[in-house]
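Structure record follows, encoded as structure tokens.
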Amino acid sequence: MTTTLFEIQNLSLSYGQNKVLDDLCFCITEGQILTVIGENGSGKSSLLNTLAGLIPIHSGTVNLNDKSLHEHGPQKLAQQISSLGQNDIQIFDMPVWSRIAQGYIPHQSATFFQGPHETEAITQIAQRLQIDNCLNRHLGQLSGGERRRVHLARALVNPKPQIIILDEPFANIDVGHQTLVVELLRERLQQGHTIICAIQQLHLVFELQGNVLGLKDGQKIMMGPPHAALTETNLERLFSRRARYHKSDDDFHGILFKTSKL
């Protein structure tokens, strides 16, 4: 039996005269993954920030567990939702260990004592993301991809939040390390978490599976399983380029874009 977690009705958002979300209506099922795709400026980050409770709702409704999002309150939302923003914090002298440990703050306050359980969890998530050799360094001493994995570790270290909202979690992460992130997200799905993430890497839509939501100028172009939703028509509407879904006989999946002739 499926349970609706988020119910979004007529959601619109504007910054001044610029409308970034335009009358969105859809639902997100509990224990599933939703990937959000679209061009830069299509509204992906605004949608994720709204669902995470970081942007006030001015038009339309967003219900979480049959209750309006604002009724949950900021602290309750922070305990229910673990989020990763598109832009990393720029505190380069922060120790890596301290940054990952911040994943416990919504549940144990900013001054909590890191006991054996938290210490083990931080070590394990760092090992899984192959940043355990960075734990005694500062953020400013890391590459962009290493920093991104540190911020992702902060979002994933605490298993208590049942909703994980990630904005560009694969940004700056090379292809080899992307597999580590996919494996962790799949494990969280198996544990019953709900994951919503905006991505640019279209091949990962098929690895993550679940449903895909396509946005263009703040409007929903399509939503559904990747193989059904990513039609040639929808892809051209989303990216203004001709493209098609391709599956090979040996089970390779991807999106092929037509290359312009020189």
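Read-outs throughout are calculated quantities, based only on the coordinates presented, and are distinct from any laboratory measurement. From a predicted model like this one, the values you see are computed outputs, not experimental measurements. All Cβ positions, even for glycine, are placed from backbone atoms using ideal geometry, and neighbour counts span all protein chains on display.
Converting the Cα gyration tensor eigenvalues of the chain into ellipsoid dimensions via √(5λ) gives semi-axes, longest first, of 30, 24, 17 Å. Kindly provide the helix-only [θ] at 222 nm of the chain, computed as the sum of -39,500 (n - 2.57) over DSSP H runs of four or more divided by all residues, to the nearest 500 deg cm²/dmol? Result for the chain: -9000 deg cm²/dmol, rounded to the nearest 500.
Amide H contacts of V20: L13, S14, Y15, each under 5 Å away and 5 or more positions distant or on a separate chain (H built 1.01 Å from N in the peptide plane; Pro and chain starts excluded). What angle do you read, to the nearest 10 degrees and between 0 and 90, between the alpha-carbon axis of helix 175-190 and the longest principal axis of the chain? Its long axis makes an angle of about 80 degrees. Could you give me the percent of Cα pairs per 10 Å distance bin for segment 1-139, shortest bin first, beginning at zero and ending with the bin that holds the maximum distance? For segment 1-139, the binned pair fractions read 10, 32, 30, 23, 6, 0 percent.
For the chain, the antiparallel share of DSSP beta bridges with both residues in that region comes to about 60%. Relative to the longest principal axis of the Cα atoms of the chain, the long axis of helix 144-156 makes an angle of roughly 80 degrees.
Need one number: % antiparallel among DSSP beta bridges in segment 129-228, to the nearest 5.
Details: 5 of 10 bridges.
Roughly 50 percent of the beta bridges in segment 129-228 run antiparallel, per DSSP.
Relative to the longest principal axis of the C-alpha atoms of the chain, give the angle of the C-alpha long axis of helix 116-128, reported between 0 and 90° and rounded to the nearest 10°. Helix 116-128 and the main axis of the chain meet at about 40 degrees. Note on the chain: with charges restricted to the Cβ of Lys and Arg (+1) and Asp and Glu (-1), its dipole about the Cα centre is near 400 debye.
If you wrap segment 153-213 in the convex hull of its Cα atoms and look at it from every side, the mean projected area works out to 4.0 nm². The orientation-averaged projection of the convex hull spanning the C-alpha atoms of segment 141-262 amounts to 10.1 square nanometres. Amide H contacts of V36: C197, A198, I199, L213, each under 5 Å away and 5 or more positions distant or on a separate chain (H built 1.01 Å from N in the peptide plane; Pro and chain starts excluded). When only alpha carbons are used to place a centre, segment 1-76 and segment 184-224 end up 14 Å from one another.
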